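Take a look at the structure set out below.
The values are calculated or read from the model by the stated rules, or taken from the named source; none is laboratory data. Predicted model, so just to flag it, every value in this text is computed and none were measured. Note that each Cβ is placed from the backbone with ideal geometry, even for glycine, and that neighbours are counted across all protein chains shown.
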Amino acid sequence: MNGLMMSFPLTLNAIFRRAETFYPAREIVSRLPDTSLRRGTLGEFAGRTRRLVRALRQLGIRPGDRVATLAWNHQAHLEAYFAAPLAGAVLHTLNLRLHPDELAYIVSHAADRAILVDQSLLPLFECVRPQVQIPIVIVIGGGAAPDGMLDYESLLDATAPIGDEPDPSEDTAAALCYTTGTTGKPKGVLYSHRSLVLHSMGISLPDVMGIAERDVVTPVVPMFHANAWGLPYAAVMAGAKLAMPGPHLDPASLADLLHRERVSIVAGVPTIWMGLLQLLDANPATYDLSSLRTMFVGGSAVPQAMIEAFEQRHRLRIVQGWGMTESSPVGSLSHVPLDMADAADADKYRHRAKQGRPLPLVEIRARNEAGIVAWDAKTMGELEMRGPWVARQYFQQEGPSDRFTSDGWFRTGDIVTIDGRGTIDIQDRAKDLIKSGGEWISSIALEGALMGHAAVAEAAVIAIADAKWGERPLAAVVLKAGASATADELRASLAPRFPRFWLPDRFEFVDEIPRTSAGKFQKSALRARFGR
């Protein structure tokens, strides 16, 4: 027997109409390339989005066509986030930090029919353009567009807004994002209206991100990276104010925006917050960030020392999250569970440095060569997940992929332990785990401990070949300005916390650690440099 409830499609159209109807006066603030602030409203955004929908259709965009964006975080990008799906097309965000050749591969693989590009990013696009076929190029924020391109504002001014239209099927494709391609070619993850709506609802729950109308949300994580963790959709759904940083991601610009706009929720990768912490330490009275309720940090493991420093020195609360492009992307968050309410602060900090429990509707398990592992906080295995906003295959995938199990789970590539509460504790990426003398060593655990040392700004640990043990750990270390430390001092600081065989044999002091386009440590570059 079936239930007798309406079959109402879960679509971005419904989120859009809600914001337009109930929150038209709510602000959208965008920092422009010249550092000035552009102030708009959700009502203005809705009208402009309706114009962009019609403009795309008049330009020949048809259902299922991919519409790319090469842009920073600002209102026009938010308009494209909704206009492409509302037009029946697929929004395709391009990662501007990738090499032009990699961008060209992604554009060609996606078969993008149109692109909206920031005027400031035209030099990058011109490096890509000769390698691809994109018939429609729309320039944002540049005034008169170059020959053969269209100006965004002129296009909107010349176009009437669409009216309300029937919603598409909730399973219709809405957005496309490519993995960063750390191994092999980048892979496309194709999100549906349904998956994006459910993800928006999931991250808005009180024990997740708790996004509400009263909030001011700043997605520091770029809108070209994993849907800015879903914050643009969720904030519009809730009627929250959005304060967008544009291209200005330096600590001073971010601190000014958070201070000026009284931001309550912010999200970004650890490297961003390391810089902000140093700024606040040096200028403790310059910025009033008392409105900041939660800093959501993910993309790579958050050192426990950073969580403690923000809270103890600046009364700012970090909640660590974990996810992947394939999970839309938020999969888990590390809130302190109720049964730890009376635990010692040290125990709470240790818990918060883990990746936390999965969101409602997301299920997890871990597997090693012996099978599904026990949730005993000790046994390591590769994390697998499934849920309504987890990919089931890649876009235009040719043949089966070993990332998906035969019984419908996604293999994340993260090696984890899981405790009795269901708390995920990532030990390493499968490719970065160090196996020395038959025993596993977690590079992430060593990195977190090293970055807790007073002299260390950043640290990355890699495996290097060893004739006796197979592999041994090497630590690449960036010291803080004016600080000093020797290899023996750093090794001694690790000794009380780890088995002796975990301690790195070599320490290399470097000026910087190379990073991927997502801001993660690029360990392949370190292995190429030091793995000898």
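Return yes when Ala267 is under 13 Å from the mean Cα position of the chain (by Cα) and not assigned by TED's automatic domain parsing to the domain that holds Met451 and no when it is not. So Ala267 fits the description; yes. Reported count of residues in region 344-368, each being part of a loop (DSSP other than H, G, I, E, B) and touching a residue at least 24 places away in the same chain (Cβ under 8 Å), is 7.
Within region 471-492, the set of residues being of a type in the set (Gly, Ala, Ser) and either modelled with pLDDT of 95 or more or surrounded by 14 or more Cβ atoms within 10 Å (Cβ to Cβ) (or both) comprises Ala475, Ala476, Ala485, Ala487. On the basis of being within 24 Å of the chain's Cα centre (by Cα) and free of Cβ contacts under 8 Å to residues at least 60 places away in the same chain, does Leu96 make the cut? So Leu96 does not fit the description; no. Scanning region 436-446 for residues that are assigned to a strand (DSSP E or B) and either among the hydroxyl-bearing types (Ser, Thr, Tyr) or at pLDDT 90 or above (or both) turns up just one, Ser436. For the residues Ala460, Ala481, Ala495, Ala487, the requirement of being out of contact with any His (no Cβ under 9 Å at 6 or more places or on another chain), within 23 Å of Val297 (Cα to Cα) and of a type in the set (A, V, I, L, M, F, W, C) singles out Ala460.
Checked against (1) assigned to a loop (DSSP other than H, G, I, E, B); (2) in contact with a Leu (Cβ under 6 Å, 6 or more places away or on another chain), Asp402 passes all but condition (2).
Residues in region 369-379 that are part of a loop (DSSP other than H, G, I, E, B) and surrounded by fewer than 17 Cβ atoms within 10 Å (Cβ to Cβ): Glu369, Ala370, Ala374, Asp376, Ala377, Lys378, Thr379. Of all residues in region 203-218, none satisfies being surrounded by 24 or more Cβ atoms within 10 Å (Cβ to Cβ), touching a residue at least 24 places away in the same chain (Cβ under 8 Å) and either farther than 21 Å from His77 by Cβ or over 20 Å from the mean Cα position of the chain (by Cα) (or both).
Looking at this structure, is Leu359 at negative phi, in the same structural domain as Ser493 (by TED's automatic domain parsing) and touching a helix residue (DSSP H, G or I) at 6+ places or on another chain (Cβ under 7 Å)?
no
Take Ala46 and decide whether it is more than 19 Å from Thr172 (Cα to Cα), in contact (Cβ under 8 Å) with a residue 12 or more places away in the chain, in contact with a Gly (Cβ under 8 Å, 6 or more places away or on another chain) and small (Gly, Ala, Ser). The answer is no for Ala46.
Scanning region 7-31 for residues that are within 20 Å of Val67 (Cβ to Cβ) and assigned to a helix (DSSP H, G or I) yields Leu12, Asn13, Ile15, Phe16. Taken together, the residues in region 158-198 that are outside any loop (DSSP other than H, G, I, E, B) and without any contact (Cβ under 8 Å) to a residue 40 or more places away in the chain amount to 1. Among what's in region 380-392 and is at pLDDT 95 or above and part of a loop (DSSP other than H, G, I, E, B), pick the residue that is surrounded by the fewest Cβ atoms within 10 Å (Cβ to Cβ). Among those residues, the one meeting the criterion is Arg392. When region 325-340 is limited to residues that are in a loop (DSSP other than H, G, I, E, B) and touching a Gly at 6+ places or on another chain (Cβ under 7 Å), the one that is surrounded by the fewest Cβ atoms within 10 Å (Cβ to Cβ) turns out to be His335.
Take region 220-260 and flag every residue that is aromatic (Phe, Trp, Tyr) and either under 23 Å from Leu276 (Cα atoms) or surrounded by fewer than 19 Cβ atoms within 10 Å (Cβ to Cβ) (or both).
Within region 220-260, the subset aromatic (Phe, Trp, Tyr) is 224, 229, 233.
Correct list: Phe224, Trp229.
The residues in region 415-440 that are without any contact (Cβ under 8 Å) to a residue 60 or more places away in the chain and acidic (Asp, Glu) can be counted, and the count is 2. For region 72-84, the condition holds for at least one residue, the condition being that it is farther than 24 Å from Leu257 by Cβ and surrounded by 23 or more Cβ atoms within 10 Å (Cβ to Cβ).
Selection over region 186-232 of residues that are of a type in the set (Val, Ile, Thr) and within 15 Å of Leu91 (Cβ to Cβ) gives a count of 2.
Scan Pro496, Pro504 and give me the residue that is more than 29 Å from Leu279 (Cβ to Cβ), in contact with a strand residue (DSSP E or B) (Cβ under 6 Å, 6 or more places away or on another chain), of a type outside the set (D, E, K, R) and part of a loop (DSSP other than H, G, I, E, B). Selected residue: Pro504, the only one of Pro496, Pro504 that is more than 29 Å from Leu279 (Cβ to Cβ), in contact with a strand residue (DSSP E or B) (Cβ under 6 Å, 6 or more places away or on another chain), of a type outside the set (D, E, K, R) and part of a loop (DSSP other than H, G, I, E, B). A single member of Asp432, Asp428 is touching a helix residue (DSSP H, G or I) at 6+ places or on another chain (Cβ under 6 Å), closer than 30 Å to Asn95 by Cβ and in a strand (DSSP E or B), and it is Asp428. When the residues of region 447-467 are filtered to those that are more than 23 Å from the chain's Cα centre (by Cα) and not in a loop (DSSP other than H, G, I, E, B), the one that is surrounded by the most Cβ atoms within 10 Å (Cβ to Cβ) is Leu450. Among the residues of region 108-122, at least one is buried (at least 21 other Cβ atoms within 10 Å of the Cβ), among the acidic types (Asp, Glu) and within 19 Å of Gly188 (Cα to Cα). For region 228-243, indicate whether the set of residues that are of a type in the set (D, E, K, R) and closer than 28 Å to Tyr178 by Cβ is non-empty. So far as region 228-243 goes, no, none of its residues is of a type in the set (D, E, K, R) and closer than 28 Å to Tyr178 by Cβ.
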